[in-house]
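Engineer: Questions regarding the structure given below will be posed in turn.
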Amino acid sequence: MTTAPESDDRTVELDLLARITKRERAAFEELYTRYSNILYATAMKFLKEDADAQDVVQDVFIQIWDKAKLYDPAKGKPLTWALTMTRNRSIDRIRAIQRRTRLRDDFEKETVADESAGIREALSGVDASEKTQILRDAVARLSPEQRKVIDLAFFGGLTQSEIADRLGEPLGTVKARARRGLMKLKEHLGEKP
Amino acid sequence: MTRDQIEELAALDALSVLEGEDLATWERVRGENPSALRLRDELADAAAQLSLLAPAATAPSALRQRVMDRVFGGQSSEKTVTEAARPFGFAAWAAAAAIVLLVLVGASATTRQKESVVVRDARPDPQNLQISLEGYGDYAKAKAHVLWDSGQRGWYVQAGGLPALPATHSYHVWAVDADGAVHDCGELAVREGGLARSFVQPGDGISSMQGFAVTIEPVGSSSPAPTSPAVLISVLQG
């Protein structure tokens with residue numbers, strides 16, 4: 001299981017970002033050391049291909065170097081910011097591939113297997129840090145239907161209508177499950193120190 | 001708009017799944033309602049933590065140097081992993097069949113194999129090039145597609161129906177350029193169910209690509225050309 005910097009490291013990471021805005025190379029290198037594995041693991045989770053994952057991680061770090069001054073602490077932790085960039089870029093890449101290839105139907109079986117395995121596989125992990133255990137507990141409290149929708153949305157990179165098509169459920173049902181599931185996740189994670 | 005509706009749009013945006021009319025509605029709501037935007041950020045923060053459930057992986061050591069070079073200047077600053085290959089001229093696809101067939105099926109292929117070549121795709125759209133590969137002989141049920149990604153400057157190879165190979169051999173992708181020269185595109189690893197996917201870049205020496213093929217090669221082989229007949233091949237009607 002991926003090891004993330006502990007939450008009490010936030011102050012250190014905020015300081016690193018502040019120093020990066022002043023173009024301090026040492027700060028950037030330290031942030032790379034802290035984040036590279038988890039960002040790479042995240043990109044690999046989405047893209048499955050090493051070359052694609054490396055490109056995404058490279059882009060994210062360049063973005064951090066160029067845009068550190070735009071980071072707003074009020075919008076989340078530095079790690080969350082970096083993870084969100086990684087996910088968004090990974091999904092952009094997946095969607096670009098899908099648009100160009102139009103081969104989803106041919107490989108639907110494979111794709112469905114990969115996507116549905118996302119949270120389920122993660123929940124079965126045994127080597128959890130305290131942080132990931134808390135997260136697992138929170139995810140485990142979601143209903144299977146909510147978990148499925150969030151899994152397809154977060155790890156599958158599908159749009160809301162694509163999720164509805166994939167699950168054979170009305171769009172309104174999918175949207176409601178996404179809302180309730182994510183609100184529940186936020187509540188449970190918020191309960192923890 | 002009710003609280004539930006705002007929560008729903010915020011959650012969907014946090015998951016990056018909004019589209020169409022809902023997206024337009026959300027753009028308006030979040031502009032008028034700072035608390036909606038705050039909620040969206042909180043939900044995005046919760047969602048982003050799902051990334052921590054990704055299986056552990058260690059970033060390749062070479063990536064660090066590449067990132068540092070890119071940020072602080074260096075030899076590799078101009079390229080990403082998937083940026084290296086040049087695009088091919090789409091008009092050149094018209095000549096692909098004969099070259100690919102001769103080079104990759106060549107003398108070792110049977111007449112029956114040559115006659116069974118099927119044209120699947122040769123669309124003259126440089127933004128969306130896609131070509132199908134057909135399987136032959138024992139591999140007749142296999143199929144593959146090669147797709148040009150202009151954004152990433154390379155080719156995606158996706159294959160299905162590939163039989164498992166003994167540990168001593170692996171599937172290998174080859175590209176053929178305008179001069180008929182064969183370029184090694186690397187191994188095509190087969191996953192469960194005979195499915196395989198790879199991103200390939202034959203290298204900087206290619207000015208235009210003409211076709212692709214898949215052969216079976218000994219593991220670890222450094223042969224610059226195929227050592228066996230193609231089991232999958234892309235061809236055009238001749």
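Just so it is clear, none of the values below were taken in a lab; they were calculated from the coordinates. Computed from a predicted model, the values in this text were never measured in an experiment. Neighbour counts are summed over all protein chains in view; Cβ atoms, including those assigned to glycine, are modelled from backbone coordinates with ideal geometry.
Engineer: Taking one equal scatterer on every alpha-carbon of the stretch A:8-102, how large is log10 of I(q)/I(0) by Debye at q = 0.18 1/Å?
Structural biologist: So the normalised log intensities work out to -0.78.
Engineer: In the stretch B:3-53, if the dipole is taken from +1 on Lys/Arg beta carbons and -1 on Asp/Glu beta carbons about the Cα centre, which of B:Leu12, B:Leu52, B:Ala24 is farthest to the positive end?
Structural biologist: After comparing all options, I get B:Leu52.
Engineer: Do any of A:Lys148/A:Lys186; A:Lys77/A:Lys186; A:Lys45/B:Lys141 go past 19 Å between their Cα atoms, and which?
Structural biologist: A:Lys45/B:Lys141
Engineer: Using a Förster radius of 22 Å, what is the FRET efficiency between B:Glu27 and A:Gln63 based on their Cβ-Cβ separation? Nearest 0.05, please.
Structural biologist: Working: r = 23 Å, r/R0 = 1.04.
Efficiency, rounded to the nearest 0.05: 0.45.
Engineer: If R₀ is 22 angstrom, what is the calculated FRET efficiency for the pair B:Arg38 and A:Leu70, using the beta carbon separation as r and rounding to 0.05?
Structural biologist: 0.80
Engineer: Here is a further query. Would you please give the FRET efficiency between B:Gln65 and A:Glu187, computed as 1/(1 + (r/R0)^6) with r the Cβ-Cβ distance and R0 = 41 Å, to the nearest 0.05?
Structural biologist: Numbers: r = 43 Å, r/R0 = 1.04.
Working from the Cβ atoms, E equals 0.45.
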